[in-house]
Amino acid sequence: MSSSSFARRATVARSVRLFREFRHEQTDPDRFYGALADDTATMIAELHRDSLDGSTVLDVGGGPGFFADAFTDAGARYLSVEPDAGEMHAAGLDHRTAVRAQGQHLPFQTGSVDICYSSNVAEHTDRPWEMADEMVRVTRPGGTVVLSYTLWWGPFGGHEMGLSHYLGGHRAARMYTRRHGHPPKNLFGESLFPITAAAGLRWARGAGDVDFRLAFPRYLPRWAWSVVKIPGVREVGATNLVLVLHKRSPPAD
């Protein structure tokens, strides 16, 4: 696993580029998710072993399939899991490698994939650490688990509700509904939940069968990664936390 190569790529220019793309998430999702997919595939490759060629990658919460091309172009055998049929077909993309299933109950054999990752999904389930345990289970010994999620107390924690989530999730949803005439896609308490960095770090340090390798703020430059070490501050400043784990090989007989 080459976290150092990704750390070198985590520059200010990359951060600025990604934050600029966030402006297009609602108006031009193809552009936004295409850029995010390319960055994600590169990140996963560097965190795994600098190459995805020949690796089986399972994307937990693959949504409408925007990430498939980026991973396939990198040489990976890409699979995805998505529980929401409407979300799967929202972009009209090909779904030959997609399975409809819950992240807490992945329909794959134990130790069947080389890399299992999830991007911005954990905040949308009320049982994120059950999903994380399943991700570990399906990853083969020697493989890589990458869990990335948006922190509730960060500036993007409310998703499309904006900073109003600091007034409370239910209040933010009501404010959004009054302003736009319809409820938000990510409805607090139903499809959006207050997840923290502290909870993720606690899970990663106590998870079985894995070595916890790295935690860093996904969209920030390398010089800002130390924010993850500061309790409280990291909940706001890290914005999106990435947890990287390595699946242990079983002990020799």
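Give me the compactness ratio for the stretch 129-247, meaning the Cα radius of gyration over 2.2 N^0.38 Å.
1.18
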### Task
In nm, give the distance between the simple-model label positions of T11 and R31, each being 7 Å from the Cα along the Cα-to-Cβ direction.
2.3 nm
## Note on the structure
Between R213 and residues 5 or more places away or on another chain, the pairs with built amide H atoms under 5 Å apart involve V244, L245, H246
### Query
Averaged per residue, what accessible area in Å² does the stretch 125-253 show with a 1.4 Å probe, protein chains only?
47 Å²
### Given charges at Cβ of Lys, Arg, Asp, Glu: the stretch 161-226 dipole, positive-most of W223, F212, A198
W223
### Task
Report, largest value first, the span of the C-alpha coordinates of the stretch 177-253 along each principal axis, in whole Å.
63, 32, 19
### Over the chain: helical MRE at 222 nm, DSSP H runs n ≥ 4 each giving -39500 (n - 2.57), nearest 500
-9500 deg cm²/dmol
## Note on the structure
Of the accessible area of the chain, computed with a 1.4 Å probe and all protein chains kept, carbon and sulfur make up a percent value of 53 percent
### Message
Please list, in order along the stretch 39-48, the HN-Hα scalar couplings obtained from phi with the Karplus expression 6.51 cos²θ - 1.76 cosθ + 1.60 (θ = phi - 60°), rounded to whole Hz, x for Gly and Pro.
### Response
5, 5, 4, 5, 4, 5, 4, 6, 6, 8
### Message
Explain nothing, just the number: relative contact order of the chain, from Cα pairs under 8 Å at least 6 residues apart, as a whole percent.
### Response
18 percent
### Task
Counting residues in the chain as N, plug N into 2.2 N^0.38 Å and put the Cα Rg over that result.
0.97
### Query
For the charge dipole of the chain, defined by +1 on Lys and Arg C-beta atoms and -1 on Asp and Glu C-beta atoms about the Cα centroid, which residue among G61, A74, H246 has the Cα displaced farthest towards the positive pole?
H246
### Task
Report the label-to-label distance for D211 and E160 in nanometres (one decimal), using points 7 Å from each Cα along the Cα→Cβ vector.
4.3 nm
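The values are calculated or read from the model by the stated rules, or taken from the named source; none is laboratory data. Worth saying up front: this structure is predicted, and the values here are computed from it rather than measured. Counting neighbours? That spans all protein chains shown, and the Cβs are built from the backbone with ideal geometry, glycine included. Just so you know, the surface numbers come from the protein's heavy atoms only, side chains and all, with ligands and any DNA or RNA stripped out. Shrake-Rupley method; radii C 1.70, N 1.55, O 1.52, S 1.80 Å.
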